[in-house]
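Student: Pasting a structure here, questions to come.
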Amino acid sequence: MIGFVVFGLVVGALARLIKPGRQRLGLLWTLLLGLAGSVIGGTVASALGTGDVFELNVLGAVVAIIAAVALIGVAESLAGRSRGRR
């Protein structure tokens, strides 16, 4: 479980490095979005038959990073929209 949290943080950090521009997300949001990306990546890899959801493999890691980049983009757009209303 701790390894999954650490991997989620790494995935979130890599996603922030890959996504261009400045992100206005804190460490907690980075961790949560990285964890969500890890679950998505593990689910996709498991559906393709490369292992279990919580098993670390290359395909799952790549999909996790891509999913985390997408989730960061969605979170930024939602945060920007809520800030614009104030």
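The values are calculated or read from the model by the stated rules, or taken from the named source; none is laboratory data. Fair warning: this is a prediction, and the values are worked out from it, not measured in the lab. Ligands, DNA and RNA are excluded from the accessible area calculation, which covers all protein heavy atoms including side chains. Shrake-Rupley method; radii C 1.70, N 1.55, O 1.52, S 1.80 Å.
Student: In whole Å, what three semi-axes, largest first, describe the equivalent ellipsoid of the chain built from its Cα gyration tensor (square root of 5 times each eigenvalue)?
Tutor: On the way: eigenvalues 128, 29, 21 Å².
Working from the Cα gyration tensor, I get semi-axes of 25, 12, 10 Å.
Student: Further question on the same structure: Can you give me the % of accessible surface on the chain that is carbon or sulfur? Probe 1.4 Å, all protein chains present, nothing else counted. Mind dumping the intermediate values first?
Tutor: Working: 3880 of 5430 Å².
Whole-percent figure for carbon plus sulfur exposure: 71.
Student: Quick check: the angle from helix 58-84's long axis to the longest principal axis of the chain, C-alpha only, nearest 10 degrees?
Tutor: The angle comes out near 20 degrees.
Student: Where only protein heavy atoms count, and the probe is 1.4 Å, what is the accessible area per residue for the chain in Å²? List each step's numbers first, then the result.
Tutor: On the way: 5430 Å² over 86 residues.
Ligands and nucleic acids excluded, the figure is 63 Å² per residue.
Student: Could you work out the relative contact order of the chain, using alpha carbon pairs under 8 angstrom and six or more residues apart, expressed as a whole percent?
Tutor: 32 percent
Student: If you don't mind, there's one more thing I want to ask. What full-extension length gain, to one decimal in nm, is calculated for residue 24 and residue 48 as 0.36 nm per residue of separation minus the Cα-Cα distance?
Tutor: Numbers: separation 24, 0.36 × 24 = 8.64 nm, distance 3.40 nm.
Value of the extension gain: 5.2 nm.
Student: A further question follows. Taking only DSSP H segments of four or more residues, each worth -39500 (n - 2.57), what value at 222 nm results for the chain once the sum is divided by all its residues, to the nearest 500 deg cm²/dmol? Working shown, then result.
Tutor: Numbers: 3 runs with 65 residues, N = 86.
Rounded to the nearest 500, the figure is -26500 deg cm²/dmol.
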